[in-house]
1. May I ask you to verify whether residue 33 is closer than 22 Å to residue 219 by Cβ, among the hydroxyl-bearing types (Ser, Thr, Tyr) and touching a strand residue (DSSP E or B) at 6+ places or on another chain (Cβ under 9 Å)?
2. Pick out the one residue from 43, 56, 28 that is near ligand 1 (Cβ under 8 Å from one of its atoms), part of a strand (DSSP E or B) and buried (at least 18 other Cβ atoms within 10 Å of the Cβ).
3. Every residue in the stretch 2-35 that is out of contact with any Phe, Trp or Tyr (no Cβ under 8 Å at 6 or more places or on another chain), away from ligand 2 (no atom under 15 Å from the Cβ) and under 27 Å from residue 203 (Cβ atoms), please.
4. With the checklist (1) closer than 30 Å to residue 152 by Cβ; (2) away from ligand 2 (no atom under 16 Å from the Cβ); (3) not in a strand (DSSP E or B) in hand, flag the one item residue 86 doesn't pass.
5. Do the conditions hold for residue 138, that is, is it among the charged types (D, E, K, R), over 24 Å from residue 60 (Cα atoms) and away from ligand 2 (no atom under 16 Å from the Cβ)?
6. Could you run through the stretch 103-127 and say how many residues are in a loop (DSSP other than H, G, I, E, B), farther than 14 Å from residue 168 by Cβ and touching a helix residue (DSSP H, G or I) at 6+ places or on another chain (Cβ under 8 Å)?
7. Of the numbered conditions (1) loosely packed, with under 12 Cβ neighbours inside 10 Å; (2) within 16 Å of ligand 1 (Cβ to nearest atom); (3) not in a strand (DSSP E or B), residue 17 satisfies every one except a single condition; which is it?
8. Filter the strands (runs of 3 or more DSSP E) completely within the stretch 194-243 down to those with at least 3 residues that are in contact (Cβ under 8 Å) with a residue 60 or more places away in the chain and within 16 Å of ligand 2 (Cβ to nearest atom).
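The values are calculated or read from the model by the stated rules, or taken from the named source; none is laboratory data. Note that the structure is predicted; figures quoted are calculated from it, not measured. In this analysis, Cβ positions are derived from the backbone assuming ideal geometry, glycine residues included, and neighbour counts consider all displayed protein chains.
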Amino acid sequence: MAEPLLRAENVVKHYPVRNGRERGLVRAVHDVSFELGRGETLALVGESGCGKSTLARTLVCLEQPTSGRVILDDVDLAALSERGRRPRRKRIQMVFQDPFASLNPKMSIGDLIGEAYEVHGLPEGVTSARAAVGELLERVGLDPAMAGHHPRQLSGGQRQRVAIARALAPHPAVLICDEPTSALDVSVQAQIIALLRQLQADLGIAYVFISHDLAVVRQIADRVAVMYLGRIVESGTAQDVFDSPVHPYTQALLASIPTLTPGRPPRLEGEAPSPLNPPAGCHFRPRCPHARPECGASLPDLAAFAPNHSAACFFPQIRRPHIPPEGPS
Ligand code: ADP
Ligand code: MG
């Protein structure tokens, strides 16, 4: 990878919770590290509740990590004051799942996008917010005349385009997209993915693309990190993770996607345990078809077993390449 743009280093986010007299700790994100290069797409995948959104909020400083560092352009964002962070914060923007919830319904589309300029200032060389808004609307495939419309007059896909335009306004280097297509119809999903890819080609933006939908991830990811109960359990190139997954959890996730494996019944049974009370040893052990007694003794670390391919598993399911026997030629 070229020099990384964004680096998460051992990011931990724990939430203390109380239930009557009982106190507990939700280990929403635990010891997550990754790197993101310029213009690259890293997908974070995993079932609901595995910590994807918490990690996303921590990356954009909406949450302070319990420990660990979020390094953008070689500066630790989490260690900066609110004021010191502001000029850097605009380089990393977020797009949420529900564009309706993230857009104030009382504001016009033009004002919603223009607001981003009020917060972050106009980009260099741009003289009027109005012109900048028009240009951004065009860039996300909307008619500049829509600046006068309100969110409720738009379709779900159009609203998500507005949310993307708003995130693009301060010229970010990184967009954190948290389930940006999950609320949309399949055909509209494909259009938004195509738009994100186009923007990446034109502007060189890097994405952390979060989704529980592996069929969507396959269309956009360069690299994939699979999360389970707050940790990354497998990471690698999209090709390695999709075609040669080694963690039993990744294998089960992939096997449960009907569009990727037609005709096969879902293989991921039961629900993920609570991050308030994770099982001893490997957290996936109670659901793992390959679990052995050793798996209950300690938690496996994420370790590389091939270049750029890592897994947190004591018994990774590595399929040896089939080498045909030598015969007379
Ligand atoms: P995902 O986005 O992968 O569905 P989340 O990051 O939303 O997962 O949640 C991870 C875990 O952290 C869940 O168990 C969730 O209930 C818990 N969690 C998230 N936010 C809070 C909070 N503010 N207080 C307590 N627990 C939280
Ligand atoms: Mg989420």
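1. It is false that residue 33 is closer than 22 Å to residue 219 by Cβ, among the hydroxyl-bearing types (Ser, Thr, Tyr) and touching a strand residue (DSSP E or B) at 6+ places or on another chain (Cβ under 9 Å).
2. Sole residue among the options that is near ligand 1 (Cβ under 8 Å from one of its atoms), part of a strand (DSSP E or B) and buried (at least 18 other Cβ atoms within 10 Å of the Cβ): 28.
3. 2, 3, 4, 5, 6, 9, 11, 33, 34, 35
4. (1)
5. On the way: among the charged types (D, E, K, R): yes; over 24 Å from residue 60 (Cα atoms): yes; away from ligand 2 (no atom under 16 Å from the Cβ): yes.
For residue 138, the condition - among the charged types (D, E, K, R), over 24 Å from residue 60 (Cα atoms) and away from ligand 2 (no atom under 16 Å from the Cβ) - is met.
6. 5
7. Just one mismatch for residue 17, condition (3).
8. Where strands (runs of 3 or more DSSP E) fall fully within the stretch 194-243 and carry at least 3 residues being in contact (Cβ under 8 Å) with a residue 60 or more places away in the chain and within 16 Å of ligand 2 (Cβ to nearest atom), they are 206-211, 223-228.
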